[in-house]
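In what follows, a single structure is set out as structure tokens and then discussed.
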Amino acid sequence: MSLEVYAAYLTTEKRMTDNTKQAYLRDLRHFSNFAEARGIDDPAEASSTDILAYLMELKTGGRSKSTVNRKLASLRTYYQYLIKMREIFENPTESIKSPKVEKKEIQYLTTEEIDRLLELPEDTAKGKRDRAILELLYATGIRVSECVGLNTDDLNFEENSMFVTRKGGKEMILYFSDEVADALRAYLKEREQIQPLEGHEEALFLSLQKRRITQRAIENLVKKYAAIAAPLKRKISPHKLRSTYGTTLYNETGDIYLVADVLGHADVNTTRRHYAAMSDSRRRMAAKAVKLRDDAPEE
């Protein structure tokens, strides 16, 4: 089976974004090289023993449990595809358990740090673009890939809404605040003066090279501003802004289903695992909400 056919399957059937698809293909190539070194020309012929040996090599090579899990997930998808295509009849990954990964505490920015972050971009064309991106990421919780994919005609200022293509290709309308609308309008006035390169005319956010901005560029600008706004917190990324939004929304509403819907989580349990743990302050409030005794004096 050619990688081109499998790549087409990941795009059309699994509806993966290009970045996710390329990650799955890289993982498969990595395993294919390992299998070839063991005398296996086609990874479709690998056994569960071969895959376990591969995972063990990853572990002894210093790969983290999350990395091992990701590569195993890539192989599961590959062998599920082969079964669907009737190229094999047993899935060699079926009996292999994923390593347990210790849950990490979610890192997020405080209100004061967010305020500093949003005030940092300068009052220039680039600064207005950066502020619009930062405010949009923080105030809506969209993924960086979703931000990159936005086009100018996806915005509706009459309703303060935007048309977003979510992970997996699902389309959805999300809403933003008046503050975000002001930042977007300020940027769009500057964007009107820019002539995008051919093929990038529809892109909402443009790079300095007049192309659709890339995920890496947004990650770098978030990292740059966050290093100034929150110097004691390491590795602040666009996803950390998303985590901050999700945490704030959950603490304000207590509605885990609303948070799941707005963040685009297919399974509310994913949201619960990530954000319900952040509600310690709400649990403290619960301890004070029910009184054991009436403080009022008896008459």
Pop out the carbon and sulfur fraction of the accessible area of the range 23-154 as a percent, whole number, probe 1.4 Å. 47 percent
Using alpha-carbon pairs under 8 Å, 6+ residues apart, how would you state the relative contact order of the range 159-201 in percent? 27 percent
For ASP182 and THR11, calculate 0.36 nm times their separation in residues minus their Cα-Cα distance, and state this gained length in nm to one decimal. 58.0 nm
Tell me, in nm to one decimal, what length is gained between ASN251 and GLU219 on full extension, where the rule is 0.36 nm per residue of separation less the Cα-Cα distance? 8.9 nm
Filter on LYS128/LYS233; LYS128/LYS235; LYS21/LYS128; LYS14/LYS224; LYS97/LYS224; LYS65/LYS235 - keep pairs with C-alpha separation over 29 Å: LYS21/LYS128; LYS14/LYS224; LYS97/LYS224
Relative contact order, percent, the range 101-233 [alpha-carbon distance under 8 Å, six or more residues apart]: 27 percent
Per-pair calculated FRET efficiency, R0 = 41 Å: THR49 and ASP153 via Cβ, rounded to 0.05: 0.15
Roughly what would the spin-label model give for THR110 and ILE194, points 7 Å off Cα along C-beta, in nm? 3.4 nm
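Given axes a ≥ b ≥ c from the Cα gyration tensor, I'd like to know whether the range 120-207 is rounded (a/c under 1.5), prolate (a/b larger than b/c) or oblate.
oblate
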Where does the charge balance sit around LEU197 when Lys and Arg score +1, Asp and Glu -1, over other residues with C-beta under 14 Å from its C-beta? +1
FRET efficiency estimate (nearest 0.05) - Cβ-Cβ, ILE173 to ASP18, R0 22 angstrom: 0.40
Work out, step by step, the length gained on full extension between PHE89 and LEU258: first 0.36 nm times the residue separation, then minus their alpha carbon distance; give nm to one decimal. 56.7 nm
Taking Lys and Arg as +1 and Asp and Glu as -1, residues besides ILE173 with C-beta under 13 Å from its C-beta add up to -4
Area accessible to solvent at GLU201, 1.4 Å probe radius, in Å²: 90 Å²
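The values are calculated or read from the model by the stated rules, or taken from the named source; none is laboratory data. Note that this is a predicted model, so its numbers are computed, not measured. With ideal geometry, Cβ positions are generated from the backbone for all residues, glycine too; neighbour counts draw on all protein chains shown. Note: areas computed on protein heavy atoms with side chains; ligands, DNA, RNA excluded. Shrake-Rupley method; radii C 1.70, N 1.55, O 1.52, S 1.80 Å.
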